[in-house]
Amino acid sequence: MTQIPLSTVRPPRFPELVPLVRPTVEVDAELELAFREVLRSGMLTNGRHVRAFEEAAADYLGVARTVAVSNCTTGLMLVLRCLDLTGDIAVPSFTFMASGHAARWAGHGVRFAESDPRTWTVDPEALAPQLPDVAGVMGMHTFGAPCDADRLQELCDTRGVPLVFDAAHGFGSRYPDGTMVGGKGVAEVFSLSPTKTLSTGEGGLIATNDTALAAKLRTAREYGNPGDYDSRLVGLSGRMTEIAGLMGTHGLRTLPRWLDVRRSLVERYRSRLGALPGLEFQQLPAGAVSSYKDLGIRVDAERFGMDRDTLAERLHRENVSSRKYFSPALHQQTAYLDVPAGPDLTVTEELASSMITLPLYSHMPAELVDGICDLVTELHASG
Ligand SMILES: Cc1ncc(COP(=O)(O)O)c(C=O)c1O
């Protein structure tokens, strides 16, 4: 066996693994004290801190009500259950598996919808012919870029089917009309897990302008039990904890500042990597603002000189995390192979095979972004 002399083994560019994402949680004395009070109070779940968070979040989002839940997947399941629909739900295939899982757990079949090659969100015109076959539509704000909610709403209105948003990535995003993501469709459901722009550890938040739906959802997250132990619907155990509620209210205070920092980091990535051939960034609808939950980049193997998988492998060797997100696409995943063939999903398949997400978190040092850009530039030059 040939021995490689130790002197030729080059250490990775980054001595420690650069994480893909880190939650930005500022722990101050006020929060610590509040945590202690909750722990001593004996009231650990669904109490005044959850209610305070719901009110602060509704204010921030500009919606009538928010309903805090244990996570986004549960929130989506509860919304679909409360809508009492029968039939299949159209879901983009270029999404995280939870979008489809929620529809299935709520008792629906799914129909896969195609995505737009520039915005990477569901393509309303491609979806239009599917509408007669579905009971509802789920939009998704890929990586924080708001999908074309107004056009989707128009199409849903013509067929009389409800529109729900998996807004897992969209806390802090704005629609082109300037309103916050959260206020469109029947309901929009955010994730507050550790990889999101606002995190409560684990958590979800349903935003809606339909106060009757919000009331039903409050019962639904309590097993469907309004308090008299006569369940009115088949709900779930979907409450948010008080500690999570506290984290939510606390995080909301500094979120706008962190979102600005995050956007400036994305600008930094874009201005450096946008100059390289074969790397393509997500296009936002004019006037829209993204939360940039993730920084996705499409790699055109021929023009960049290396395919997505090789780039991921070379980054990994240098201790830089990345993710092939969402690959495989939902319709390619084992759990969904039984879904009847639907529309052409070529764009989705191209996105899934060429997308990479690079490290991004709100308190990420700008020099780290520069270092990763230098590395990607060198990898491109070395072919
Ligand atoms: C698009 C999408 N929907 C739903 C979820 C599930 O969120 P949660 O973990 O809060 O259930 C995620 C998680 O990242 C997601 O990316």
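Every number here is computed from the coordinates shown, using simple stated rules; none is lab data. None of these values were measured; they are calculated from a predicted model. Quick reminder, even Gly has a Cβ in these numbers, built from the backbone with ideal geometry, and neighbours come from all protein chains shown.
Tabulated data for the structure shown
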| quantity | calculated |
| --- | --- |
| Lysine pairs with alpha-carbon atoms under 23 Å apart, the chain, spacing 8 or more or separate chains | 6 |
| Sequence of D177, D116 once ranked by neighbouring C-beta atoms within 10 Å, starting from the fewest | D177, D116 |
| GNM flexibility winner over the chain from V134, V339, V79 (Cα, springs under 10 Å) | V339 |
| Crossing angle, helix 29-41 versus the chain [Cα axis fit, 0-90 degrees, rounded to tens] | 40 degrees |
| Sequence of E37, E349 once ranked by neighbouring C-beta atoms within 10 Å, starting from the fewest | E37, E349 |
| Proximal charge balance of R232 [Cβ under 11 Å; K/R count +1, D/E count -1] | -2 |
| Debye log10 I(q)/I(0) for segment 130-255, one point scatterer per Cα, at q = 0.09, 0.17, 0.18 Å⁻¹ | -0.29, -0.98, -1.06 |
| Assigned charges on the beta-carbon of Lys, Arg, Asp, Glu; the chain dipole about Cα centre (debye) | 720 debye |
| Under the Debye formula (equal points on every Cα, no solvent term), log10 I(q)/I(0) of the chain at q = 0.07, 0.13, 0.15 Å⁻¹ | -0.33, -1.07, -1.34 |
| Scaled radius of gyration (Cα, divided by 2.2 N^0.38 Å) that segment 304-372 gives | 1.41 |
